[in-house]
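The values are calculated or read from the model by the stated rules, or taken from the named source; none is laboratory data. Remember, predicted model here, so these are calculated numbers, not experimental data. Here Cβ is always computed from backbone atoms with ideal geometry, including for glycine, and neighbour counts include all displayed protein chains. SASA here: full protein model, heavy atoms, side chains in, ligands and nucleic acids out. Shrake-Rupley method; radii C 1.70, N 1.55, O 1.52, S 1.80 Å.
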Amino acid sequence: VCVIRNLPLPGRPSHMTSVCLLNSHRWLHARLTEDVTASEAFRWTADPGDADMVIHPVPPWPDPQAPQRHFWLRPDLWSRMFVFSQDDNPIPWAPGVFASLAASHPDVARARGGFYVYHTHYEPDLAGALDPRPNCKPEFLWCFAGSSATWPQVREPLLALNDERGLTIDTADWNRHHRWQFEGPGRSARSDALQSYASKLHQAKFIVCPRGAGLSSVRLFEAMRAGKCPVIVSDGWLAPPFVDWESCAVRIPESDLHHLPELLREREQDAAVLGACARRTWEQRYAPAAMLLTLAEACIDIAPDQRRFRTRLRMMRRSATNRATARKAKLGVRRVVAAVRS
């Protein structure tokens, strides 16, 4: 029994599908919906009971005031529920879109690679800094600015490369001594650091995007927004659908990282074309006006037989035995107890 009502099947004419994006996190919900455009394939609704497809965005940080944060627990919605997770270690308890799910995960047939809705992209003084600068001539062949601490196995060898045409900056010390505050006294230091980081992106032809705590990296989408060619270094990365990644990115195995300078010199003449294609792809798929449509299309792209009720039960059972699930459940119980006591 196919449990998703009225979703278009392969080979059949498409029709309008009603989609509800649960308001499980107010900031994230606003970012995904504020610029969304009309679609011939989807009808957006705020009522999950009226929707053919219900998408639950996993909160990027706690939001106790989100009006639909617990709706994923409603049994009447399970058969239509999809997940959107930006977590570094996601728990695929239902089919959906995951930024950092391993391509080798046993439930990968019921998942699609995802993207990030990043806070910086919506701050007026920072978002514009990521946009292309046509008059800025790159000084370096490649650049990486990031913390070695988030995944030393890959990032430390990258930072240790000795290449006069490469720009590398280890931000681990800065991260240890500063808080990435959105508001308050740390806001100014954070803003200055991100402005400096954006400037570094525009100084290179290629932006190296190694995996961090998760298999993906927000740096990939920042490079695309900047009109630069991302160099993906993450063996387990599950590529998001609908993108010809060979036409807008370079992928290098982690074991070949020590050959990165030579490999990029071989592709140097392609950098401008790859970067322009990366920017177009960002505009079509990951810009604010396109994200929700991309998310809905990715959920529908999961084959109907992979969305059946029995399949969902197997995913729930597998995720329930995951250690990460147990840790998150424990934290969730603590938050509920704290909220009741207050």
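Key figures
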{"item": "Karplus (6.51, -1.76, 1.60) ³J(HN,Hα), θ = phi - 60°, over region 159-169, in Hz, Gly and Pro reported as x", "result": "5, 7, 4, 9, 9, 5, 9, x, 10, 10, 9"}
{"item": "Nitroxide proxy distance, nm - points 7 Å out along Cα→Cβ at TRP44 and ARG318", "result": "3.2 nm"}
{"item": "Ranked packing of 61-74, 15-28, most packed first, by mean Cβ within 10 Å", "result": "15-28, 61-74"}
{"item": "Integer Hz, Karplus 6.51/-1.76/1.60 couplings in order for region 141-150, x for Gly and Pro", "result": "6, 8, 8, 9, 10, x, 8, 6, 6, 6"}
{"item": "Length released on extending from GLU254 to ARG267, taking residue separation times 0.36 nm less the Cα-Cα span", "result": "2.9 nm"}
{"item": "Sites ALA160 and ASP301 - FRET efficiency at Förster radius 35 Å, r taken between beta-carbons, to 0.05", "result": "0.35"}
{"item": "In sequence order, calculated HN-Hα J values of region 199-206 (Karplus, 6.51, -1.76, 1.60; Hz; x Gly/Pro)", "result": "5, 5, 4, 7, 8, 10, 7, 10"}
{"item": "For peptides 203-209, 165-171, sequence by mean Cβ density within 10 Å, most packed first", "result": "203-209, 165-171"}
{"item": "Rounded percent of accessible protein surface that carbon and sulfur make up, region 216-260, 1.4 Å probe", "result": "50 percent"}
